[in-house]
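Q: Got a structure here, written out as structure tokens. Questions coming.
The values are calculated or read from the model by the stated rules, or taken from the named source; none is laboratory data. Computed from a predicted structure; not experimentally measured. Cβ placement follows ideal geometry from the backbone for every residue including glycine, while neighbour counts extend to all protein chains displayed. All accessible areas refer to the heavy atoms of the entire protein, side chains included, with ligands and DNA or RNA removed. Shrake-Rupley method; radii C 1.70, N 1.55, O 1.52, S 1.80 Å.
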Amino acid sequence: HHTNDTNVVSIQYLIVSIFFVVFELFKLLATSLLWSLSTDITDSSKNLGYASLYGLSCTTGQVVGSFLSYYMLDFGLTTSHLFLSAAVFLELCAWCIAHIGARTSEKEAPTSSSQTVAQEPSLMEKFSVILMDRYLQMIVLYTLCYTITMNMIYVEKIAILEESELDANGAASFSATLNVLSAILTMGLQLLLTSGSLVKVFGVSFGLYALPLVTGAGFISLSLVARAPLTIGVFEVSRRVTAFAVSKPSRESLYGVVPRERKYLAKSIIDTFVYRLGGGLGALVFDLTKFLVTIGKHHYVQMCQISIIVVWVATSTMILNQMANMERIAGKAKEL
């Protein structure tokens, strides 16, 4: 009986793991497509403002979902009721997507009746779109810098909490507090950024530069100030707010100058494969820095962090220059 119980638990664990991996991939892909769609149905001059509004809706949904889960369980409901509630919200999402699809199809130019339906591009065709486009390659590098440092900070937080005197409950409470603070501050800033005047002040360039600069300041604080929960807490909250409220709308607006077909092909790779690749590389980089610390090579760790930030800032500059050139070319083409 003990062997059978162990096998059942192993199968359940495998099913749950597969479910969350597949769900995470589809979530990333769906989010990517929705952000792409937002740039298609809005004016390019207003993309950043609308992107902030979309980001605000995402953050609001995250907060509302957390509170709903907490109060439903507090009132005595079970996780089965949570799954049913999630299914209802997913059905609402499907209803919204159907109406969005109908709206966008009305805006598209009518095609010839003899035109055949295009086949779904292969994975290699999607990669080739990125390999042949320097602008998309720079966006890939920017995304890698973002995800690598994101996972470095996450693993660093776990290490600092393990080194501290906090027990398991204290560490969980600390992380929950960071999540709440990040969500509240992000919502506030996103709400402000939906204003047209503030969007002009916080332009695309500010959004791209802000995240690497905040990340660099956080790494410096961990190296020079203290490796303490308070330090990593302030660092993580500042970075999350910057990432979701300022940087995310700017990153999504970068695709406004990319032709529609190439944009959808590239984003399906960048927002899934590249995003997860950066996560894995971030964990490897942290393991490397941890090894360097154990052998007393602290300066190599700082050099590694500084190198990533320098590459990140340089990539931001190249993206902005290339984006400006593409906008000028598009403007001249319209004049003709």
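Q: Would you mind checking which residues have amide H under 5 Å from Gly203's amide H? H placed 1.01 Å from N; only 5 or more apart, or other chain.
A: Under 5 Å from the amide H of Gly203: no residue qualifies.
Q: If you average 1/r across every pair of different Cα atoms in region 264-324 and take the reciprocal, what Kirkwood value do you get, in Å?
A: 13.7 Å
Q: OK, next. So what's the net charge close to Ala243: Lys and Arg +1, Asp and Glu -1, counting the other residues with Cβ under 12 Å from its Cβ?
A: +3
Q: Moving to a separate point now. Work out, step by step, the length gained on full extension between His99 and Thr177: first 0.36 nm times the residue separation, then minus their alpha carbon distance; give nm to one decimal.
A: So the extension gain works out to 24.4 nm.
Q: Once you put a point 7 Å from the Cα of Arg276 and another 7 Å from the Cα of Ile184, both along the Cβ direction, what distance in nm separates them?
A: 3.5 nm
Q: Per residue and in Å³, how big is the convex hull formed by the alpha-carbon atoms of region 210-336?
A: With only Cα atoms used, region 210-336 gives 111 Å³ per residue.
Q: Report, by chain and number, residues whose modeled amide H sits under 5 Å from the one on Leu166, excluding near sequence neighbours (fewer than 5 apart, same chain).
A: none
Q: Quick check on packing: order 236-243, 314-321 by the mean number of other C-beta atoms within 10 Å, highest mean leading.
A: Answer by packing, highest mean first, reads 236-243, 314-321.
Q: If you don't mind, there's one more thing I want to ask. Taking all protein chains in place and a 1.4 Å probe, what share, in percent, of the accessible surface of region 228-327 do carbon and sulfur account for?
A: 69 percent
Q: With a 1.4 Å probe and all protein chains in place, put Tyr13, Tyr154 in order of accessible area, largest first.
A: These residues rank, largest area first, as Tyr13, Tyr154.
Q: Further question on the same structure: With each label point set 7 Å from Cα along the Cα-Cβ vector, what nm distance links Asp287 and Val63?
A: 3.8 nm
Q: For Phe206 and Arg260 in the same chain, what is the full-extension length gain: residue separation times 0.36 nm, less their Cα-Cα distance, in nm?
A: Contour length minus Cα-Cα distance gives 16.9 nm.
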